[in-house]
Amino acid sequence: MQHGAYRPMRVSRFRAALGQDGMPAACHTRVVGIESAYPGDEQTIRGLHKLPYRVTHELFDYHSRETHVPNGPWTSVGRSQNEFFLETFIDELAHAAGKDPYEYRRVLLETNPDFPQAKAWLKVLSTAAEKSKWGGKLPSGTARGIAIGDSRRLTRPEITICAMVATVSVSKQGKVRAERFDVAMDTGPFLVNPLAAERQIEMQVVMGLAAALKQEITIEKGRVTQSNFHDFPLLTRVEVPEIAVHFVRATDNPIAGIGEEALGWVAPALCNAIFAATGKRVRSLPLKKHDLSWA
């Protein structure tokens, strides 16, 4: 652990102007990343180079930086950070517009003629919302958050659409408990081994949740501080949420895969639920560094 390659660091800034209808009239996306693990900049911009949501005027720019810290691909690669940026930002826009986050995404997809996968996205998105009982009443301090995306990239045409709803409770002292994840996953025309696919998705939810809640690598005096699972903790058995996987045939072409196609949406769904429960936005990870207490 102290002599390995670490998840590439990334930071992003989103800015948008909303029209009178609450929809984004203009959006500027900027992402800064480290791209030593792959040639070119594909993973730095992956998922952000063309927004799936309708925006009248869009500007996107990116910048690559070098680092002396060795880094390499983490499961889901560029999506794991960029989808966190994008899907939490869309939630912020929905809140600013006074709209339901699920319905807000539906309108942005339905009104975007330049996004050819919009109908397939809507099918997966609505499945996640329906299966999670989106909009149903929950106890105080408990809420749901939603996120969606696919695996599109510049160099490959295949995609896998995934939508996720996290049901999360937050105590008044700020302790976060992920109660349930509903995962809707596009299978394309083939699903050979449903049980194996379901287990792949469950693994990704657990891995992504541990990373979002409490895992980090810190460097002091040129050395990595963490050395084992006592200071880089996994989820315990009692922390693992209920995970429900819902397969959907949303596209007619073979999908890109399923081994890492769910992980990127764990963190945004989780953090969007935390905002709905506490009114506190999370713009950096892990969550253990944030005060999430509420009154």
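The values are calculated or read from the model by the stated rules, or taken from the named source; none is laboratory data. Keep in mind that this is a model prediction, so the values were computed, not measured. Neighbour counts run over all protein chains shown; Cβ positions are idealised from the backbone, glycine included. Side chains included, ligands, DNA and RNA excluded: accessible areas come from the protein's heavy atoms. Shrake-Rupley method; radii C 1.70, N 1.55, O 1.52, S 1.80 Å.
Listing for the model above:
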item: Rule-of-thumb Rg ratio for the range 11-164 [Cα; 2.2 N^0.38 Å; N residues]; result: 1.09
item: Amide H contacts under 5 Å for Ser151, placed H, 5+ residues apart; result: Thr160
item: Debye log10 I(q)/I(0) for the range 36-108, one point scatterer per Cα, at q = 0.14, 0.19, 0.24 Å⁻¹; result: -0.56, -0.87, -1.16
item: Eligible lysines near Lys131 by straight Cα distance, threshold 23 Å, same-chain separation 8 or greater; result: Lys99, Lys119, Lys123
item: Convex hull per residue volume in Å³, alpha carbons only, for the range 247-291; result: 114
item: FRET efficiency estimate (nearest 0.05) - Cβ-Cβ, Glu179 to Asn228, R0 35 angstrom; result: 0.75
item: Mean Kyte hydropathy of -0.5 or more with a Cα span along the axis of at least 24 Å, helices from DSSP in the chain; result: 79-97, 194-213
item: Over the chain: Rg over Rh, Cα atoms, Kirkwood Rh; result: 0.94
item: Full-extension gain in nm, Ala97 to Gln20, via 0.36 nm per residue minus C-alpha separation; result: 26.8 nm
item: Lysines with Cα under 28 Å of Lys289, excluding same-chain neighbours fewer than 8 positions away; result: Lys172, Lys175, Lys214, Lys221, Lys280
item: Rounded percent of accessible protein surface that carbon and sulfur make up, the range 78-227, 1.4 Å probe; result: 52
item: Ser126/His28 FRET efficiency (R0 30 Å; Cβ-Cβ; nearest 0.05); result: 0.50
item: All-pairs alpha carbon distance profile, the range 148-231, 10 Å steps from 0, percent; result: 13, 32, 29, 22, 5, 0
item: CD proxy at 222 nm, helix term only [per DSSP H run n ≥ 4: -39500 (n - 2.57); per residue of the chain; nearest 500]; result: -8500 deg cm²/dmol
item: Potential lengthening between Asp291 and Glu242 on full extension [0.36 nm per residue; Cα-Cα distance subtracted]; result: 15.1 nm
item: Per-pair calculated FRET efficiency, R0 = 45 Å: His68 and Ser140 via Cβ, rounded to 0.05; result: 0.45
item: Phi-based couplings in Hz for the range 253-259 (Karplus 6.51, -1.76, 1.60; Gly and Pro marked x); result: 9, x, 7, 6, x, 9, x
